[in-house]
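> Would you mind keeping the following structure in view while I ask a few things?
The values are calculated or read from the model by the stated rules, or taken from the named source; none is laboratory data. All values derive from a computational prediction rather than experimental measurement. Quick reminder, even Gly has a Cβ in these numbers, built from the backbone with ideal geometry, and neighbours come from all protein chains shown. Areas reflect the complete protein model, heavy atoms only, side chains present, ligands, DNA and RNA absent. Shrake-Rupley method; radii C 1.70, N 1.55, O 1.52, S 1.80 Å.
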Amino acid sequence: MAKQVGILTSGGDSPGLNAAIRGVGKAAQIAFGMDVIGFRDGFRGMMENRVVRLSGDILSGILTKGGTILGTSRDKPHRMPIAGKMMDMTDVVVDNYKKHDLDVLVCLGGGGTQKNAFRLLKKGLHIITLPKTIDNDVAMTDVSFGYDTALNIATEAIDRLHSTAHSHHRIIVVEIMGHNVGWLALGAGIAGGADVILIPEIPYNVKKVAEAIRHRNREGKNFSIVAVSEGAMPKGMAEDFYAAERREEQAKDKKDRKKARAELEKIEARRAGNTVRLSEQLEKLTGLESRVTILGHVQRGGTPTPADRLLATRLGTACAEFIEKGTYGVMVAARGDGAEPVPLEKVAGKRKTVPLDHPWIEAARRVGTHLGD
Ligand code: F6P
């Protein structure tokens, strides 16, 4: 009997999701003769049993499309808001897996999705995941699809900001997404030639940033581009943030965890104002005019780059092969030119940060880019 495959996309959308759905779906049907269905809007749609059959023309013409034809949500099976209350709907999700006689559920998503998928694996479901995120923070994979497209968009934005910063002799502080990691700001900052790059992995000292900008001025460069990751923090705030994160990780019981989470959320709320605060502080400390540009969701929109289409197709088709072989409980990781199954327990709950000895960091410093420390 043909294998029954279910697919869903979960978490924030990202360019390359459709290419991955197409890769899994077409390879599963064409190369291996399987039946494929999709669940709408992530785990929410699976819980509500909203299904679309991924056969016929539905997988055609989507390779180049941004977003996800299935829709997505940030809902988790074990904590789903239902009529204003948080409910554990895991059993309903498991029932719907059984109702469709699935042999496997393929979950396309970032860090949160990997954790939720691992929970379902522990409930006895056959699960395979693919790494998707513009943040590039999924552990155990060289790269995730979505990152390259966002990197291109953010780099182009920095390129464009250069001419206006130059004409007005201004500082332009450009905020780049990335959640708690700096891959996107670091990559785009280097590729776009930003003068200062601030990332969460390197807490910054605003006085030192101002001094670096003043130094450029003394050398006759009367504008500066500061590429700042949305998660970048000044030193004091970073210490509080990482301490609260550790307390949450090491919490002995629910009460402790809840307390640490509440502290983290408070710091995150303050952190959300960092870019504007930084711009105001730099204006005061340097005497130069400063402007803020927040790139936001434009970094997640539109057509994926060829590199993301290739990556998503490579991982998606490899996923179909793993299903054929019955290799379950894994994430299909990008490794060199190939794809490798990595046990989900090695991925779930882990975050791939920028290592402080990463060659990009050294390269940035060598070309005179200030990293805020
Ligand atoms: O994880 C992708 C991402 O775009 C992050 O860079 C960002 O912090 C977050 O999602 C934004 O989430 P939302 O789209 O739910 O506002």
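Okay, residues lined up against (1) surrounded by fewer than 18 Cβ atoms within 10 Å (Cβ to Cβ); (2) out of contact with any strand residue (DSSP E or B) (no Cβ under 9 Å at 6 or more places or on another chain); (3) modelled with pLDDT under 95:
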site	(1), (2), (3)
A19	no, no, no
V24	no, no, no
A27	no, yes, no
I58	yes, no, no
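> Could you please find all residues in the range 319-373 being at positive phi and open to solvent by 30 Å² or more (accessible area, probe 1.4 Å)?
Hits for the range 319-373 are G326, G336, G349, G368.
> Under 22 Å from F145 (Cα atoms), modelled with pLDDT of 95 or more, open to solvent by 60 Å² or more (accessible area, probe 1.4 Å) and in a helix (DSSP H, G or I), is that true of K115?
Yes.
> Among the residues of the range 177-200, write down those that are open to solvent by 30 Å² or more (accessible area, probe 1.4 Å) and either within 16 Å of the ligand (Cβ to nearest atom) or of a type in the set (D, E, K, R) (or both).
Listed by number, the list holds a single entry, H179.
> Could you name every one of the strands (runs of 3 or more DSSP E) located completely within the range 1-92 that has at least 1 residues being charged (D, E, K, R) and more than 16 Å from the ligand (Cβ to nearest atom)?
The qualifying strands (runs of 3 or more DSSP E) are 35-39, 51-53, 85-87.
> Something else now. Go through (1) within 17 Å of the chain's Cα centre (by Cα); (2) within 15 Å of the ligand (Cβ to nearest atom); (3) outside the structural domain of E289 (by TED's automatic domain parsing) for A117 and report which single condition fails.
(2)
> Here is a list: L278, L315. Which entry is outside the structural domain of N136 (by TED's automatic domain parsing) and not small (G, A, S)?
It is L278.
> Okay, next question. Filter the range 293-309 for residues that are hydrophobic (A, V, I, L, M, F, W, C) and buried (at least 16 other Cβ atoms within 10 Å of the Cβ) and give the result.
L295, A307
> Hey, another quick one. Taking the stated definitions as given, is E248 open to solvent by 60 Å² or more (accessible area, probe 1.4 Å), of a type in the set (D, E) and more than 16 Å from the ligand (Cβ to nearest atom)?
Answer is no for this residue.
Residues checked against (1) in a helix (DSSP H, G or I); (2) modelled with pLDDT of 95 or more; (3) within 16 Å of the ligand (Cβ to nearest atom):
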| residue | (1), (2), (3) |
| --- | --- |
| R261 | yes, no, no |
| L278 | yes, yes, no |
| Q281 | yes, yes, no |
| L285 | yes, yes, no |
| V292 | no, yes, no |
| Q299 | yes, yes, yes |
| G302 | no, yes, yes |
| A320 | yes, yes, no |
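Per-residue answers, yes or no, for (1) open to solvent by 10 Å² or more (accessible area, probe 1.4 Å); (2) more than 25 Å from G112 (Cα to Cα); (3) at pLDDT below 95:
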residue	(1), (2), (3)
G33	yes, yes, no
G38	no, no, no
F43	no, no, no
M46	no, no, no
S55	yes, yes, yes
T64	yes, yes, no
I69	yes, no, no
S73	yes, no, no
M80	no, no, no
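> Additional query: With V143, V138, V92 as the choices, which residue is open to solvent by 10 Å² or more (accessible area, probe 1.4 Å) and more than 19 Å from V5 (Cα to Cα)?
V143
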